[in-house]
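The values are calculated or read from the model by the stated rules, or taken from the named source; none is laboratory data. Owing to the predicted nature of the structure, the values given are computational and were not obtained by experimental measurement. A quick note on method: Cβ atoms are made from the backbone with ideal geometry, for glycine too, and the neighbour counts reach across all protein chains shown.
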Amino acid sequence: MYLYLHLHFASKYRNNKLNRKIMELKGKTILITGGSAGIGLEAAKQFITEGAKVIITGRDQKKLDLAKKMHPSITTIKSDASSQEAAVALYNQINEMGGIDILYNNAGIMNGQDNLGFSNSKHFEKAAIEINTNYLGVILLNDLFLDMLKSRKEAVIINTSSILSYTPSNLVPTYSASKAAVRFYTEALRDHLQIIGSRIKIFELLPPLVKTNMSEGMEGKSITPDVLIDALIKGLKNNTYTIRVGDTKAIYLLNRFLPKLAYKLLNHKGVTARLQS
Ligand SMILES: NC(=O)c1ccc[n+]([C@@H]2O[C@H](COP(=O)([O-])OP(=O)(O)OC[C@H]3O[C@@H](n4cnc5c(N)ncnc54)[C@H](OP(=O)(O)O)[C@@H]3O)[C@@H](O)[C@H]2O)c1
């Protein structure tokens, strides 16, 4: 108990000492990984409206070309967030272009939706892709860009976790675990940077279910990407470092006080039925 209180208040004290200056987005350069569709594409649109220069990545050149057609001021770079080689090449290219002020780790992938009780070599394969893209890829890119960001007057890292980082969905267990890992890593990175006196601000975006290609076929109340990105931009401007949007707030509270109920809500009879076949 004493250890818990000590850690809780030490972390609160450090968070209070965080840089509270309001971030000006106009004139900043932002890299959005996975910016060619869904939430990332909406973010590109809204950051352009805010006066930022936007660079997006993705694996599919056609999707990148389409995004460029929609928003001609965007710079597009084909790059796979799960690859170490691609991350180094991306860093070098952006460094030559003059660097960035904001790194928005948005690229993500969700596999799964089959029953783990039936042996299948694909389970390992799919899980490895999710962990590499959603978690290890974030650490990789942050590490590459840390020194560049430290040298900027104002710098931000945004990591994307999920409502499922609090309570997992049985339909996507490794995806849920990858997002819980992003959450723990983000909290540690924020604290570690505070300890060494760095001014980089570390934000965590926790979306609920959002209407995109990723959530196609998933049941439940969802919001649209514009609502989520509105909340992200407000959060950046208000220095709200943990941005819980929509149902994420409810699940966060429920998971703290009634975790079994939170679990039941996300793993209802419909979920069980899908895992029976
Ligand atoms: N939608 C939701 O309900 C929801 C809820 C909570 C959290 N999130 C998180 O929000 C983020 C965005 O999700 P979304 O719903 O917008 O997904 P989406 O509609 O599937 O779009 C994903 C974007 O990321 C790119 N991408 C995927 N894998 C990549 C990789 N390895 N390297 C580079 N780019 C990659 C895709 O382009 P390519 O396919 O061309 O690479 C696409 O541009 C993800 O981190 C996701 O986990 C989403």
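Side notes on the structure shown:
- Looking only at residues of the range 59-113 that are assigned to a loop (DSSP other than H, G, I, E, B), hydroxyl-bearing (Ser, Thr, Tyr) and surrounded by fewer than 18 Cβ atoms within 10 Å (Cβ to Cβ), we find that the one that is farthest from the ligand (Cβ to nearest atom) is SER73.
- The range 141-194: number of residues that are of a type in the set (Lys, Arg) and assigned to a helix (DSSP H, G or I): 4
- Check on VAL138, near the ligand (Cβ under 10 Å from one of its atoms) and part of a helix (DSSP H, G or I): yes
- Pair list, Cβ under 6 Å, 6 or more apart: the range 220-238 residue under 29 Å from HIS268 (Cβ atoms), other residue within 13 Å of the ligand (Cβ to nearest atom) and among the acidic types (Asp, Glu): PRO225/GLU42; ASP226/GLU42; ILE229/GLU42
- Scope the range 143-161; condition surrounded by fewer than 20 Cβ atoms within 10 Å (Cβ to Cβ) and in contact with a helix residue (DSSP H, G or I) (Cβ under 8 Å, 6 or more places away or on another chain); matching residues: LEU144, MET148
- Qualifying residue in the range 152-160 (condition: more than 14 Å from the ligand (Cβ to nearest atom), within 13 Å of the chain's Cα centre (by Cα) and not β-branched (Val, Ile, Thr)): no
- Being assigned to a helix (DSSP H, G or I) and closer than 20 Å to GLY38 by Cα is a property that does not hold for LYS126.
- Out of GLY270, GLY217, GLY197, sole residue that is modelled with pLDDT under 95, loosely packed, with under 14 Cβ neighbours inside 10 Å and outside any helix (DSSP H, G or I): GLY217
- Residue check, ALA250 under 23 Å from the mean Cα position of the chain (by Cα), surrounded by 14 or more Cβ atoms within 10 Å (Cβ to Cβ) and free of Cβ contacts under 8 Å to residues at least 60 places away in the same chain: yes
- Close pairs from the range 59-85: first within 23 Å of GLU130 (Cβ to Cβ) and of a type in the set (A, V, I, L, M, F, W, C), partner within 8 Å of the ligand (Cβ to nearest atom) and part of a loop (DSSP other than H, G, I, E, B), Cβ under 6 Å, at least 6 apart: LEU64/SER36; ALA81/THR33; ALA81/ALA107
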